[in-house]
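Input: a single structure, listed below in structure tokens.
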Amino acid sequence: VAADRVVLAAGAIHTPAILLRSGVDTPGVGEGLQDHPAAPITLVLRDGGGRGRGPGRRLTIGSVLCRGDLQVVPMNHLGPAPNEAGLGLLMVALMRPRGATGRVSIGSPDPHAHPDVDFGLLDDPVDLAGLRRGVHLLLDLLGRASFARIVERAVVDEHGTSVDVLADDAALDRWLRSSCGDYVHASSSCRMGVVVDGDGAVFGYEGLYLCDASVFPEIPDVNTHLPTTMLAERLARRWTAR
């Protein structure tokens with residue numbers, strides 16, 4: 001494609017993968033991947049969660065609870081599959097993680113092959129302690145009368161293991177290391193100041209720019225949608241002004 005400028009915006013996972021497959025050798029491509037570490041507790045809802053009546057058939061997230069660097073999201077059901085009927089979710093995420101050891105790499109030059117992704121979510125002990133605080137918050141919420149009215153029991157795995165096993169912090173840490181997941185807020189895998197300059201231009205390559213969450217110097221402490229939109233508007237104004 002002949003162009004005076006190429007802007008790559010494939011996201012924090014696939015932007016570095018495309019660069020690597022294309023032979024771009026700028027140091028730092030794919031390094032420093034971050035996401036918000038998250039831990040889910042499955043809720044077995046009383047009376048099947050009302051799935052047979054009106055709005056109970058549709059997924060509704062009606063609230064987000066913020067407590068410092070923690071965000072809690074409730075979900076009234078997990079999906080339409082029969083084995084998920086009557087199940088809800090209570091999830092906590094750490095919104096200001098310190099760890100930045102995640103990495104995107106490629107195991108094959110085939111563009112149809114998925115890249116190798118390691119988020120390194122709890123590599124930093126500070127993040128483990130932060131998410132542990134988050135699970136304690138979930139357990140406290142589940143003990144409140146408002147949850148007791150709608151939740152028959154809360155479990156931590158597909159085998160129906162009760163949350164009671166998390167009463168001990170050592171057991172809680174083991175569960176977090178095996179069950180912690182990303183919050184679908186991948187970012188920072190082609191960091192500004194490392195891979196690109198302040199205009200999104202890739203160091204060492206003329207006319208190649210990045211414009212997505214991969215260029216954030218560090219993950220924002222919110223959902224990444226609006227920050228990515230703000231970034232795109234800001235960079236686009238700079239490019240057209242020149």
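The values are calculated or read from the model by the stated rules, or taken from the named source; none is laboratory data. What you see is a predicted model; the values in this text were computed from it and never measured. Please note: Cβ atoms are built from the backbone with ideal geometry, for glycine as well, and neighbour counts cover all protein chains shown. Heavy atoms of the whole protein, side chains included, go into the accessibility calculation; ligands, DNA and RNA do not. Shrake-Rupley method; radii C 1.70, N 1.55, O 1.52, S 1.80 Å.
For the chain, the fraction of 1.4 Å probe accessible surface lying on carbon and sulfur atoms is 54 percent.
Which entry in (i) 13.4; (ii) 26.1; (iii) 15.9 is this structure's computed mean projected area of the Cα convex hull in nm²? For mean projected area of the Cα convex hull in nm², the calculated option is (iii).
Here the gap between residue 174 and residue 153, fully extended at 0.36 nm per residue and compared with their Cα-Cα distance, gives a gain of 5.4 nm. GNM remark for the chain: springs join alpha carbons under 10 Å apart, and the peak mean-square fluctuation among 167, 154, 201 falls on 167.
Note on residue 133 and residue 161: with the Förster distance fixed at 25 Å, the Cβ-Cβ geometry gives a FRET efficiency of about 0.70.
Of the GluC sites (Glu not before Pro) found in region 150-242, the ones in coil according to DSSP and having at most 16 other Cβ atoms within 10 Å of their Cβ are 158, 206, 218. Inter-label distance, residue 73 to residue 206: 4.4 nm, where each label sits 7 Å from its Cα along the C-beta direction. Among 169, 123, 212, which one moves the most in a GNM of the chain with springs linking Cα atoms closer than 10 Å? Comparing 169, 123, 212 in a Gaussian network model of the chain, the most mobile one is 169. FRET efficiency for the pair residue 85 and residue 242, taken as 1/(1 + (r/R0)^6) with r the Cβ-Cβ distance and R0 = 35 Å, rounds to 0.05. Compute the label zone of residue 10 within region 105-127: residues whose backbone N is under 19 Å from the point 7 Å along Cα-to-Cβ. Within reach of a label on residue 10, which here means backbone N under 19 Å from a point 7 Å along Cα→Cβ, region 105-127 contributes 105-119.
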